[in-house]
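Asks: One structure, as structure tokens, below. Some questions next.
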Amino acid sequence: MKRISFLYLLIMLIASCGSTNVNEHYQKDRSSNPIEKRHFLFNFEDESTISPVLEKAKAQKKLIYLDVSASWCLPCQLMKRDVYTDKQTADFFNKNFINYLVDVESDEGPDIKVIFDVKQLPTLLILNEQGDVLKRHEGAYYQEDLIRFASELINN
């Protein structure tokens, strides 16, 4: 009898696990509250290719902060919601970097993914004005960690 009860409980548990889909919940939440660049405090360049971004970095003698992300990437969306809307973080990056956000599925995203050997999203890169990678991080960073990641290059 205990064995039958255990099997019944196990079957019910397995059946109930499939009824709640976190991804579906996130999709519903995301579609009702889209995260758009216009809500960011970061000044992201509105370019479809990286060439004008490199030119601007050269003219202003700044490094480039490049975020390679995707609309379906949850950590990417969390950075958009929590980091790119944070005033202190935005002030630091807007002062010290040319900021560029690339979706791997639009514009030159597929090319950027290949050029910079992006294997995980988000991939956060600091580039010099020639487009050479000075620093790389795979995965999301939050405010303090992102500032720490980038400030090591500013302070040197």
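Each reported figure results from applying straightforward, stated rules to the coordinates on display, with no laboratory input. Keep in mind it's a predicted model, so treat the numbers as computed, not measured. Cβ sites come from the backbone with ideal geometry, for glycine too, and all protein chains shown count toward neighbours.
Asks: Where in region 110-146 is the amide nitrogen less than 19 Å from a point lying 7 Å along the Cα-to-Cβ axis of SER71?
Replies: 110-113, 121-123
Asks: For region 38-154, what relative contact order do you get, as a whole percent, if you take Cα pairs closer than 8 Å and at least 6 residues apart? Kindly include the intermediate steps, with their values, before the conclusion.
Replies: Values: 193 pairs, mean separation 39.7, N = 117.
Across region 38-154, relative contact order equals 34 percent.
Asks: Based on the Cβ-Cβ distance of ASP111 and GLU144, what FRET efficiency does E = 1/(1 + (r/R0)^6) give at R0 = 41 Å, to the nearest 0.05?
Replies: Plugging the Cβ-Cβ distance into 1/(1 + (r/R0)^6) gives 0.80.
Asks: Which GluC sites (Glu not before Pro) does region 49-156 hold that lie in a coil by DSSP with at most 15 other beta carbons within 10 Å?
Replies: Loop-located and lightly packed - GLU105.
Asks: Once both labels are modelled 7 Å past Cα along the beta-carbon direction, what's the ALA59-ASP91 spacing in nm?
Replies: Taking the simple label geometry, ALA59 and ASP91 are separated by 2.7 nm.
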